[in-house]
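Quick one: the structure is below, questions incoming.
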Amino acid sequence: IGGAISQDGSLVAAQNYQPGGVKVFDAVTLKLVADIPAQYDAPGEPGKRSRVVGLADLSGKRFIFSLFDANQIWIADLGAPGAPVLTKFTDVGRQPYDALVPPDGRHYIAGLFGEDGLAMIDLWEPQPRVRRILAGYGRGQEPLPVFKMPHLRGWAVAGRYAYLPAIGHHAVLVVDTQ
């Protein structure tokens, strides 16, 4: 459903709804380098697979992506030979549906389809963590139906401002990134 190329151009990653995961290939030979199933433990369903969205490249042969059904964000580091090293952020908010990384590569911002707000990770922190931003931006307003998911990939960062969809509202959120 989406893809990314590592910053050095050596890897190609593809995210999948079904069966839920990320596959990483060598960019020259297209040989499979890593198969990362998006497995998580759902109540009563251990090992369930989540749909994967919001795949983006990071520095150092790393990729970041959201698990829509698991309410998680993962970073896969493929810098060393062997299995990728996974960093998992849990309880990031309900249904992270898409995400973006601004041109400076500092933040991963994921929209939350299941609630008003966004999840943000400062990737430059020594111990990155998820912070909620713009929580409750539609508070007190009746949400409108959503007929088409407004993916963040189609939104923008220009200068110091990010332009993001307000889910369930006929509005665009303008965020000062500083």
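The values are calculated or read from the model by the stated rules, or taken from the named source; none is laboratory data. Since the model is a prediction, treat every value here as computed from it, not as a measurement. When we count neighbours, we look across all protein chains shown, and the Cβ atoms used for this are built from the backbone with ideal geometry, even at glycine. Surface areas here come from the heavy atoms of the whole protein model, side chains and all, with no ligands, DNA or RNA. Shrake-Rupley method; radii C 1.70, N 1.55, O 1.52, S 1.80 Å.
Conditions: (1) touching a Ser or Thr at 6+ places or on another chain (Cβ under 6 Å); (2) in a strand (DSSP E or B); (3) open to solvent by less than 30 Å² (accessible area, probe 1.4 Å). Phe65 meets all but one. Number of the miss?
(1)
Output the residue which, of all residues in the range 86-95 that are touching a strand residue (DSSP E or B) at 6+ places or on another chain (Cβ under 7 Å) and not in a strand (DSSP E or B), is most open to solvent (accessible area, probe 1.4 Å).
So, considering only residues that are touching a strand residue (DSSP E or B) at 6+ places or on another chain (Cβ under 7 Å) and not in a strand (DSSP E or B), the one most open to solvent (accessible area, probe 1.4 Å) is Arg94.
Another one. Quick check on this structure: which one of Val24, Val52, Val33, Val12 is open to solvent by 40 Å² or more (accessible area, probe 1.4 Å), hydrophobic (A, V, I, L, M, F, W, C) and under 19 Å from Thr87 (Cβ atoms)?
Val33
Conditions: (1) within 26 Å of Arg160 (Cβ to Cβ); (2) free of Cβ contacts under 8 Å to residues at least 12 places away in the same chain. Glu45 meets all but one. Number of the miss?
Failed condition: (1).
Check Ala83 against each of (1) open to solvent by 60 Å² or more (accessible area, probe 1.4 Å); (2) closer than 18 Å to Arg129 by Cα; (3) small (Gly, Ala, Ser) and name the one condition it does not meet.
The single condition Ala83 does not satisfy is (2).
Look through Glu142, Glu115, Glu125 and report the one residue that is open to solvent by 10 Å² or more (accessible area, probe 1.4 Å), part of a loop (DSSP other than H, G, I, E, B) and touching a residue at least 12 places away in the same chain (Cβ under 8 Å).
Exactly one of Glu142, Glu115, Glu125 is open to solvent by 10 Å² or more (accessible area, probe 1.4 Å), part of a loop (DSSP other than H, G, I, E, B) and touching a residue at least 12 places away in the same chain (Cβ under 8 Å), namely Glu115.
Follow-up. In the range 109-128, what residues are more than 30 Å from Glu142 (Cβ to Cβ) and not hydrophobic (A, V, I, L, M, F, W, C)?
Of everything in the range 109-128, those that are more than 30 Å from Glu142 (Cβ to Cβ) and not hydrophobic (A, V, I, L, M, F, W, C) turn out to be Asp122, Glu125, Pro126, Gln127, Pro128.
One line per residue, one yes/no per condition, for (1) closer than 30 Å to Leu144 by Cβ; (2) touching a helix residue (DSSP H, G or I) at 6+ places or on another chain (Cβ under 6 Å); (3) β-branched (Val, Ile, Thr):
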| site | (1), (2), (3) |
| --- | --- |
| Tyr17 | yes, no, no |
| Gly20 | yes, no, no |
| Lys23 | no, no, no |
| Leu30 | no, no, no |
| Gly44 | no, no, no |
| Phe65 | yes, no, no |
| Leu100 | yes, yes, no |
| Arg106 | no, no, no |
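Looking at Leu78, is it aliphatic (A, V, I, L, M), open to solvent by less than 80 Å² (accessible area, probe 1.4 Å) and either touching a helix residue (DSSP H, G or I) at 6+ places or on another chain (Cβ under 7 Å) or over 17 Å from Ala4 (Cα atoms) (or both)?
no
If you scan the range 145-178, which residues turn out to be open to solvent by 40 Å² or more (accessible area, probe 1.4 Å), of a type outside the set (A, V, I, L, M, F, W, C), at pLDDT 70 or above and in contact with a strand residue (DSSP E or B) (Cβ under 7 Å, 6 or more places away or on another chain)?
Arg160, Tyr161, Tyr163, Asp176, Thr177, listed by residue number.
Still on this model: Quick check on this structure: which one of Ala135, Ala70 is part of a loop (DSSP other than H, G, I, E, B), without any contact (Cβ under 8 Å) to a residue 60 or more places away in the chain and buried (at least 21 other Cβ atoms within 10 Å of the Cβ)?
Going through Ala135, Ala70 in turn, just one is part of a loop (DSSP other than H, G, I, E, B), without any contact (Cβ under 8 Å) to a residue 60 or more places away in the chain and buried (at least 21 other Cβ atoms within 10 Å of the Cβ): Ala70.
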